[in-house]
Amino acid sequence: MGFNPDTGAVERYLLPVPEREDANNPDHIAVYGGGMTSDGNAWFAQYNGNFGRFNTTTKEVDHLVKFPENQGPHRFQIGDDDMIYVGLLGSGEIMVYDGANLKEVKRIALPDRNAAPYSLAWDPLRQVIWAGITN
């Protein structure tokens, strides 16, 4: 959704539907994580679906990362230099994504691959990412 504070107008934008058998399941197309990089573009994670960038100038999704079923993104945090840390709920990993250059940098495997990273927090003082897990 877009909101113009001067006029009060609200615009609705549609996100891509993940390519899955149960793609119409609202749990898989709902936006579950969101944030904004320093360039003013909005990033989103669709629960167990896609991770992508909504370009606020063109008002379109212009970058999309697709995930296999049960390995998709959950909540994420944007750290310094537009590095995006994405919890991959089904794979027990944290993906580090360069939001400025639109590419995956690496994946960090958690010690317990069944850990299911639920939430992340960027610590700017220590320059580290903290993960809360569900298992």
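The values are calculated or read from the model by the stated rules, or taken from the named source; none is laboratory data. This structure is a prediction, so every number in the text was calculated from the model and none was measured. Using ideal geometry, Cβ is built from the backbone for each residue, glycine included, and neighbour counts are taken over all protein chains shown. These area figures cover heavy atoms from the full protein model, side chains too; ligands, DNA and RNA do not enter into them. Shrake-Rupley method; radii C 1.70, N 1.55, O 1.52, S 1.80 Å.
In region 87-111, what count of residues is obtained for those that are small (Gly, Ala, Ser), closer than 16 Å to Tyr47 by Cα and under 13 Å from the mean Cα position of the chain (by Cα)?
We begin by selecting, within region 87-111, every residue small (Gly, Ala, Ser); these are 87, 90-92, 99-100, 109.
Next, from what is left, pick out any that are closer than 16 Å to Tyr47 by Cα: 87, 90-92.
Imposing the further condition that a residue be under 13 Å from the mean Cα position of the chain (by Cα) reduces the set to 87.
The number of residues fulfilling the criteria is 1.
If you go through region 91-105 and keep only what is touching a residue at least 40 places away in the same chain (Cβ under 8 Å), small (Gly, Ala, Ser) and surrounded by 18 or more Cβ atoms within 10 Å (Cβ to Cβ), you end up with just Gly99. The set of residues in region 106-128 that are among the charged types (D, E, K, R), open to solvent by 80 Å² or more (accessible area, probe 1.4 Å) and outside any strand (DSSP E or B) comprises Arg113, Arg126. Considering region 24-39, and only residues there that are at pLDDT below 95 and in a loop (DSSP other than H, G, I, E, B), the residue that is most open to solvent (accessible area, probe 1.4 Å) turns out to be Asn24.
Residues in region 77-88 that are in contact (Cβ under 8 Å) with a residue 24 or more places away in the chain and part of a strand (DSSP E or B): Gln77, Ile78, Ile84, Tyr85, Val86, Gly87, Leu88.
Residue pairs whose Cβ atoms lie under 8 Å apart, sitting 6 or more positions apart in sequence or on different chains, and linking a residue in region 106-132 that is over 17 Å from His74 (Cα atoms) to a partner that is of a type outside the set (A, V, I, L, M) and not in a strand (DSSP E or B), are Asp112/Gly92; Asp112/Asn135; Pro124/Gly79; Pro124/Asp80; Gln127/Gly79; Gln127/Asp80.
Scoring Gln77 on the criteria (1) modelled with pLDDT under 95; (2) within 23 Å of Val31 (Cβ to Cβ); (3) among the polar types (S, T, N, Q) leaves a single failure, condition (1). Of His63, His74, all but one fail to be closer than 16 Å to Gly52 by Cβ, part of a strand (DSSP E or B) and either touching a Lys or Arg at 6+ places or on another chain (Cβ under 6 Å) or without any contact (Cβ under 8 Å) to a residue 24 or more places away in the chain (or both); the exception is His63. Considering (1) part of a loop (DSSP other than H, G, I, E, B); (2) modelled with pLDDT of 90 or more; (3) surrounded by 10 or more Cβ atoms within 10 Å (Cβ to Cβ), the lone condition that Asp6 does not fulfil carries the number (3).
Every condition in (1) at negative phi; (2) of a type outside the set (Val, Ile, Thr); (3) touching a Pro at 6+ places or on another chain (Cβ under 9 Å); (4) open to solvent by less than 60 Å² (accessible area, probe 1.4 Å) is met by Asn55 except one, and the failing one is (3). Note on region 67-86: residues that are at positive phi and either under 8 Å from the mean Cα position of the chain (by Cα) or acidic (Asp, Glu) (or both) amount to 2. Given the condition touching a helix residue (DSSP H, G or I) at 6+ places or on another chain (Cβ under 8 Å) and over 17 Å from Ala131 (Cα atoms), answer yes or no: does some residue in region 67-82 qualify? Within region 67-82 (the criterion being touching a helix residue (DSSP H, G or I) at 6+ places or on another chain (Cβ under 8 Å) and over 17 Å from Ala131 (Cα atoms)), the answer is no, since none of the residues qualifies.
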